[in-house]
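Structure first, then comments.
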Amino acid sequence: MYYGLMIQRRIVPLTFAAAMLALVLCLPAPARAEQKIGYVNPQRVVNETRLGQTAKADLARYVQDKERMARESAAQLTALRKEADAATGQDRARREDALRRKAVQHEALLAENAREIRAEETRLLHYVMRRAESVLEEIGKKGGYALILIDPNVVGYVDKASVDITDRVVRELEGRTK
């Protein structure tokens with residue numbers, strides 16, 4: 001199974017982005033003309049930085065460990081199924097009951113592993129993006145950005161091609177993590 005780092009669709013709360021956009025629109029026309037809006041693609045920050053690659057490698061090791069646990073549980077389930085099929089009488093009923101309990105435990109393990117993997121993906125993405133926050137702040141201040149989005153869907157439409165500053169963020173974050 002492949003579990004790449006996925007971007008949560010609402011990293012920046014809608015209310016915050018809407019308030020920031022309203023604030024920019026409420027500025028006097030000259031001030032508004034100098035303010036810019038930027039966009040950063042967090043998935044690219046993860047994919048194109050050493051910090052992100054390290055996070056992905058950590059996640060891959062975590063997923064391998066969870067998959068190993070699932071394989072061991074599946075092997076135990078298979079062994080119990082063979083024992084139940086080979087048994088007779090009361091012994092068969094007892095083994096089938098053990099098989100049912102193990103099947104429930106196995107399904108619970110798979111569901112828990114999936115939840116934990118998603119939580120670890122989110123934790124690692126947040127770690128990378130927290131490290132990028134200082135870069136975003138610096139770029140924002142130096143570049144005259146009133147707002148830098150990491151989720152273009154928060155405000156409905158963003159022309160990503162004209163406001164994408166991901167390359168700059170990646171370069172500066174890489175420079176800080178050498």
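What the table below lists for this structure:
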| quantity | calculated |
| --- | --- |
| Residue-by-residue Karplus 3J(HN,Hα) for the stretch 116-127, coefficients 6.51, -1.76, 1.60, Hz, glycine and proline x | 5, 5, 4, 5, 5, 4, 4, 4, 5, 4, 5, 4 |
| Hits among lysines - C-alpha to C-alpha of LYS102 under 19 Å, sequence gap 8 or more where chains match | LYS66, LYS82 |
| Residue order, fewest to most surrounding Cβ atoms within 10 angstrom, among THR166, THR122, THR78, THR49 | THR78, THR122, THR166, THR49 |
| Projected label distance in nm at ARG71 and THR122, using a 7 Å step from Cα toward the beta-carbon | 2.9 nm |
| Within straight-line cross-link reach of LYS160, aspartates and glutamates at Cα separation under 13 Å, skipping those fewer than 8 residues along the same chain | ASP151 |
| Extended-chain gain in nm, criterion 0.36 nm per residue less alpha-carbon gap, GLU96 and ARG130 | 7.2 nm |
| Estimated FRET transfer efficiency when R0 is 41 angstrom, pair GLU107-GLU174 (beta carbons, to 0.05) | 0.45 |
| Span per principal axis, largest first, for the Cα atoms of the stretch 14-176 (Å) | 88, 33, 22 |
| ³J(HN,Hα) computed for each position of the stretch 78-87 - Karplus, 6.51 cos²θ - 1.76 cosθ + 1.60, integer Hz, glycine/proline x | 5, 5, 5, 5, 5, 5, 5, 5, 7, 7 |
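The numbers here are math on the coordinates, done by the rules we state, and not lab data. Keep in mind that what you see is a predicted model, and the values were worked out from it rather than measured. Positions of Cβ are backbone-derived with ideal geometry, glycine not excepted, and every protein chain shown enters the neighbour counts.
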